[in-house]
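Here the structure is laid out as structure tokens; the discussion comes afterwards.
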Amino acid sequence: MTQISSQLSLPHEAMFLILPYLPLFELLSMSQVCKSFRDALKHDILPWLNIIVEKPINTRFSDEFLMKIMSKAKGRLNVVALRNCFKITDEGLLQVIASNPFINKLYLQGCTSLTIEGVIGAVKLLTKPNHRLKNLAISGIYNVKIEDFQTLCHLMEINQMQMKQIKKNYYHMRRELYTFKQESQPSIDVDTCPKCGEIREVFDCPRDSCKKRMQQQQRQLLECRGCFLCVPRCEECGVCTKDEELGEAACVDILCLNCWLHLPKCNFCNKAYCNQHAYQQHVGSSLGFLCSECSFQSTQSSH
């Protein structure tokens with residue numbers, strides 16, 4: 001009877017097959033479900049070869065925790081993606097790189113405690129003979145100078161002219177572009193902004209009229225190509241919004257009029273949330289929703 005009971009409590013074999021495909025948060029959660037999963041994750045390195053750290057655990061990721069998680073790959077890490085992990089320092093990153101010299105994709109967007117010197121040190125380790133770093137993402141790291149950008153391109157053997165022709169970088173697709181499953185992506189996610197000359201993510205315009213102008217003026221700087229500070233863009237579709245009527249947004253993002261017309265509006269102020277901030281909607285018992293500001297004001301007036 002005890003033997004039958006123990007067999008019934010074991011997870012189905014198919015559950016073990018999905019472990020390598022789970023995001024890190026779910027992977028860590030599964031290790032707490034039962035001893036079978038914990039043992040499987042302890043002895044199998046396959047689920048740990050591609051480590052993607054993002055919400056909701058990115059803000060809690062320290063150097064110590066980073067080393068603990070990365071050590072599970074036993075030096076065979078392929079992809080490391082740290083999204084907005086502001087507690088990670090140069091020391092923690094370099095320890096991981098030294099232990100895993102064959103990483104081919106390194107994404108460090110928004111890791112504001114990292115310095116460009118630390119990033120260059122990591123790239124040097126990953127571009128030694130017989131090592132090949134293919135993709136690097138560093139947008140959001142402060143104080144990156146042109147000289148630093150050129151050093152990174154030299155280490156990774158990037159032709160900056162060819163890089164601009166590989167794939168267009170659209171603002172509204174910036175979160176999807178750098179995923180470890182995509183092969184057709186730029187080798188590095190930053191460039192020299194043609195407007196301000198700073199090293200940042202530079203975005204192209206998906207508007208048809210702008211694409212035609214780009215084809216007709218190959219050798220001239222396109223007015224709507226630039227970083228997010230120089231060229232305001234719609235959060236939903238990524239088009240440039242210069243000299244265009246805008247829709248009123250309930251969040252801090254910009255919405256072109258066409259996208260605004262297709263988004264649900266606040267019942268009181270008629271402002272819309274972009275899809276990224278739709279979670280801020282306050283849904284009541286009636287149809288529709290209230291934006292955060294209108295919800296706060298209605299709460300105040302009811303007291």
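A short reminder: the numbers here are calculations on the coordinates, not readings from a lab. Just so it is clear, the structure is predicted and the values come from calculations on it, not from any experiment. Using ideal geometry, Cβ is built from the backbone for each residue, glycine included, and neighbour counts are taken over all protein chains shown.
Brief remarks on what is shown
- Radius 9 Å from Cβ of VAL144, net charge of other residues (Lys, Arg +1; Asp, Glu -1): 0
- Charge sum, other residues only, whose C-beta stays under 14 Å from GLU117's C-beta, Lys/Arg counted +1 and Asp/Glu -1: -2
- Net charge, GLU157 excluded, C-beta distance under 15 Å - Lys, Arg +1, Asp, Glu -1: +4
- Peptides ranked, highest mean first, by Cβ atoms within 10 Å: ranges 76-89, 22-35: 76-89, 22-35
- 5 angstrom amide H check on PHE289, placed H, neighbours 5+ away: ASN267
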